[in-house]
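One structure below.
The values are calculated or read from the model by the stated rules, or taken from the named source; none is laboratory data. Here the structure is a predicted model, which is why all the values come from computation and not from measurement. Don't worry about glycine lacking a Cβ; one is built from the backbone with ideal geometry, like all the others, and counts go over all protein chains shown.
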Amino acid sequence: MMIHNPIGDVNWWRSGQPTEEELHLSGGLLVEDWPHARHVMYLSSLLFEATCPLHKLDGSALRLLQRAAFLHNAGMMIEVRRHHKHSFRLIKETPLPDFTAEERYEIACIARYHRRALPSKDHGEFAVLSPSARKRVSQLAALLRVADSLDYNHDGRVLHLAGLPELCRRDVWTCSVQVRPLAELDDEFEHARDKADLFEQEFHCKLHLLRQN
């Protein structure tokens, strides 16, 4: 799926309706907030690029992350409280263009772990993955959890983020976060800290977010 920059395409990003392309690529799945889905996909992609030295994953993994980010809240159409589990089931059972059944299953798992419990071999849906797939799903879910937090208010106040190599150390990975003028980030940063638990577990370092206006 093409990544649109919401700064340069505001009308598209704010639209509450899916485009024909989006419906095609989602396999017809719907989400409750299309602007949020687009923005989390955008932020996930930026975070993937900003953390490449940590995960060392390639473009095929980025495609999995993008689709999982776009569909992570599909389960909200069924139930709010356990929507992450519903998202897993819906994605797993819905053919997605350009992905194999195995890739679609990984996408479903990444979306499933965007909130609440961390990936565990005690979970049947995670345990059936190969060791390499479990590692990939865990790392991509770690990025999705943070990206989702950075749009906590569903209003796209975070405009851009990027890695800051000069401030990255073995135990801390620093990213700059560009925000709309006058916008507050207290909620976003608080939730990003909470949901960076999987990031810290997978990459063995803390995530530091540095605001830039």
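Listed by first and then second residue, the pairs linking a residue in the stretch 19-35 that is assigned to a loop (DSSP other than H, G, I, E, B) to a residue that is aromatic (Phe, Trp, Tyr) and at pLDDT below 95, with Cβ atoms under 8 Å apart and 6 or more places separating them unless they lie on different chains, are 19/12. Of all the residues that make up the stretch 51-71, how many are more than 22 Å from residue 155 (Cα to Cα) and assigned to a helix (DSSP H, G or I)? Going through the stretch 51-71 one residue at a time, the tally reaches 10. Against the condition of a type in the set (Val, Ile, Thr), under 18 Å from residue 49 (Cα atoms) and crowded, with 18+ Cβ neighbours inside 10 Å, how does residue 179 come out, does it pass? No; evaluated as a whole, the condition is false for this residue. Pairing residues of the stretch 159-176 that are surrounded by 15 or more Cβ atoms within 10 Å (Cβ to Cβ) with residues that are in a strand (DSSP E or B) and at pLDDT below 95, at Cβ distances under 6 Å and at least 6 apart in sequence or on separate chains, gives 176/212. May I ask you to verify whether residue 117 is in a loop (DSSP other than H, G, I, E, B), closer than 18 Å to residue 147 by Cα and free of Cβ contacts under 8 Å to residues at least 60 places away in the same chain? Taking the combined requirement at face value, the residue satisfies it. Selection over the stretch 194-213 of residues that are part of a helix (DSSP H, G or I), surrounded by fewer than 16 Cβ atoms within 10 Å (Cβ to Cβ) and of a type in the set (D, E, K, R) gives a count of 3.
Within the set 67, 82, 89, the sole residue that is in contact (Cβ under 8 Å) with a residue 60 or more places away in the chain and either out of contact with any helix residue (DSSP H, G or I) (no Cβ under 6 Å at 6 or more places or on another chain) or under 23 Å from residue 28 (Cβ atoms) (or both) turns out to be 67.
Among the numbered conditions (1) farther than 24 Å from residue 46 by Cα; (2) assigned to a loop (DSSP other than H, G, I, E, B); (3) in contact (Cβ under 8 Å) with a residue 12 or more places away in the chain, the only one that residue 152 does not meet is (1).
Determine, yes or no, whether residue 46 is assigned to a helix (DSSP H, G or I) and buried (at least 18 other Cβ atoms within 10 Å of the Cβ). So residue 46 fits the description; yes.
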